[in-house]
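What follows is a short report on a single structure.
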Amino acid sequence: MSGNGQNGGKPSILLRGLIRENPVLVLILGTCPTLAVSTQASNAIGMGFAATFVLVCSNVVISLLRNVIPDKVRIPCYIVLIAGFVTVVQTLLQAYVYSLYEALGIYLPLIVVNCIILGRAEMFANKNRVADSLLDGIGMGLGFTLALLVMASIREILGSGSWFGIAIPWLRKNGISVLTMAPGGFIVFGCLIALVYRILKRSPPKPEGCLGCPVRDTCVKSKKIASGEEA
Amino acid sequence: MIKPVAVLLAICIVIAGVLAALNEVTAPVIADATVKRTETAMREIMPEAYGFREAEDAPYGSYAAVRGAYEALGADGETLGYILNLGAKGFNGRDSITLIALAGLDGRILGTRTLVNGDTKGKGDLAAAHIEAQINASGVDLAGAEAVDAYTGATISSNAYRAAVIDAVAFVNEYWLGGAK
């Protein structure tokens, strides 16, 4: 299959990763680095751009090679390519931005198994043209970065009383320290998912008929239907 | 069957080539930065030193954790203490924790400073702080290093620190103090 990705043209491919198909808050992918790195806004930006670089490079190369890579070995090939790009990022950060390299720690090499990257390779890049895959990589990468930044900003401002390391006077002494810990990460994550679903006006699918009714347990009609007295 | 293997092999070769080229460029930069960080840490742990002299023909092979050994020199060239660059096998493998240790003229370790702690964030940092606090309080000799308490929940990191400090004490005693305990 080769085409313009999915419906909506090139701007849509780029923009849908930001909110409508945000990889973190809508597709719920890449949760591990999201929760781990979102304690500081500066780390979130660093992780976001590192993952975006890998995502864009892997999407482009996999799209270029989609007719060359045999189906049987496509996953090993993707992993080798992704691992190669991650090692490039890791080496460059170690050489030129050591503080970020140290701050990201083990989560940097773990980009190799980030399901956003492997997911986009498998779901999009190996089925679409290079330009579309490039836009998809940029959109999804920016969506990942945006979600990380928003989450990290909330946790850093309210939890640590600072933003990008700049102290916020009153909050510095009155921070909600649980937000800097794992439970706080889950709480903020859940609230953001709910907010995005609210913005998108989505809700979980409800069963139709009596099964979807909140008072079905006490409803006489429902019981009659269940017992076969009423169709 | 040949095509899948050939394609995977070709991709591996190309990626390996790219990484080798990148390593050629970045390896000297990383090495320089590592040396600078170590020098900065040595100056922080012993600010009164005027210079540092690396140990010659040191028996590094006999001590798994010792990566480098230096004499801290005063203004007149007198020895003020000994500094050891240590690498410990923590939760993430060999040299996942690197630290420097300051030894006094009597061979006691007077303080340590962590350079890189590649172990689990949070627990690993707490283990490092816990062990450094015990050492920095009054210094440790060989028996003291062996008796350093581990941090609950980070036994591997704690053991790595302890093993590195034990090696440091033993190295100073053998190399500079002629086997004195």
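For the condition assigned to a helix (DSSP H, G or I) and more than 14 Å from chain B (Cβ to nearest Cβ), A:Asn126 does not qualify.
Restricting B:Ala168, B:Ala133, B:Ala154, B:Ala129 to those that are of a type outside the set (Val, Ile, Thr) and modelled with pLDDT under 85 reduces the list to B:Ala154.
For region B:51-82, the set of residues classified as farther than 30 Å from A:Tyr101 by Cβ and either among the basic types (Lys, Arg) or in a loop (DSSP other than H, G, I, E, B) (or both) consists of B:Arg53, B:Glu56, B:Asp57, B:Pro59, B:Gly74, B:Ala75, B:Asp76, B:Gly77, B:Glu78, listed by residue number. Among residues of region A:30-46 that are assigned to a loop (DSSP other than H, G, I, E, B), those with a Cβ under 7 angstrom from a residue that is of a type in the set (A, V, I, L, M), sequence gap 6+ or separate chain, pair up as A:Gly30/A:Val24; A:Gly30/A:Ile116; A:Ser38/A:Ala44; A:Ser38/A:Leu148; A:Ser38/A:Met151; A:Ser38/A:Ala152; A:Thr39/A:Ala152; A:Gln40/A:Ala152. The sole residue among B:Tyr63, B:Tyr82 that is over 22 Å from B:Arg94 (Cβ atoms), away from every other protein chain (no Cβ under 14 Å), under 26 Å from the mean Cα position of the chain (by Cα) and in contact (Cβ under 8 Å) with a residue 40 or more places away in the chain is B:Tyr82. When each of B:Ser96, B:Ser157 is tested for being part of a helix (DSSP H, G or I) and in contact with an Asp or Glu (Cβ under 8 Å, 6 or more places away or on another chain), the lone residue that passes is B:Ser157. Counting the residues of region A:155-165 that are at pLDDT below 85 and not hydroxyl-bearing (Ser, Thr, Tyr) gives 1. When restricted to residues that are more than 7 Å from every other protein chain (Cβ to nearest Cβ) and either in contact (Cβ under 8 Å) with a residue 12 or more places away in the chain or among the acidic types (Asp, Glu) (or both), region A:76-101 contains 11. Enumerate the pairs (first residue in region B:2-30 and within 7 Å of another protein chain (Cβ to nearest Cβ) and surrounded by 12 or more Cβ atoms within 10 Å (Cβ to Cβ); second residue anywhere and assigned to a helix (DSSP H, G or I) and among the small types (Gly, Ala, Ser)) with beta-carbon separation below 7 Å, excluding pairs fewer than 6 apart on the same chain, so at least 6 apart or on different chains. From region B:2-30, the pairs are B:Ile15/A:Gly84; B:Val18/A:Gly84; B:Leu19/A:Gly84; B:Thr26/A:Ala95; B:Val29/A:Ala95; B:Ile30/A:Ala95. The condition of being in contact (Cβ under 8 Å) with a residue 24 or more places away in the chain and assigned to a helix (DSSP H, G or I) holds for only one of B:Ala88, B:Ala127, B:Ala133, that being B:Ala127. For B:Thr79, the criteria (1) touching a Leu at 6+ places or on another chain (Cβ under 8 Å); (2) buried (at least 16 other Cβ atoms within 10 Å of the Cβ) hold in every case but one, which is (2).
Close Cβ contacts (under 8 Å, 6 or more residues apart or on different chains) running from residues in region A:103-116 that are assigned to a helix (DSSP H, G or I) to residues that are of a type in the set (D, E, K, R) comprise A:Gly105/B:Lys121; A:Ile106/B:Lys121.
When region B:1-50 is filtered for residues that are of a type outside the set (Asp, Glu) and outside any helix (DSSP H, G or I), the ones remaining, listed by number, are B:Met1, B:Met46, B:Pro47, B:Ala49, B:Tyr50.
The values are calculated or read from the model by the stated rules, or taken from the named source; none is laboratory data. Not measured: the values here are computed from a predicted model. Here the Cβ is made from the backbone with ideal geometry for all residues, glycine too, and neighbour counts use every protein chain on show.
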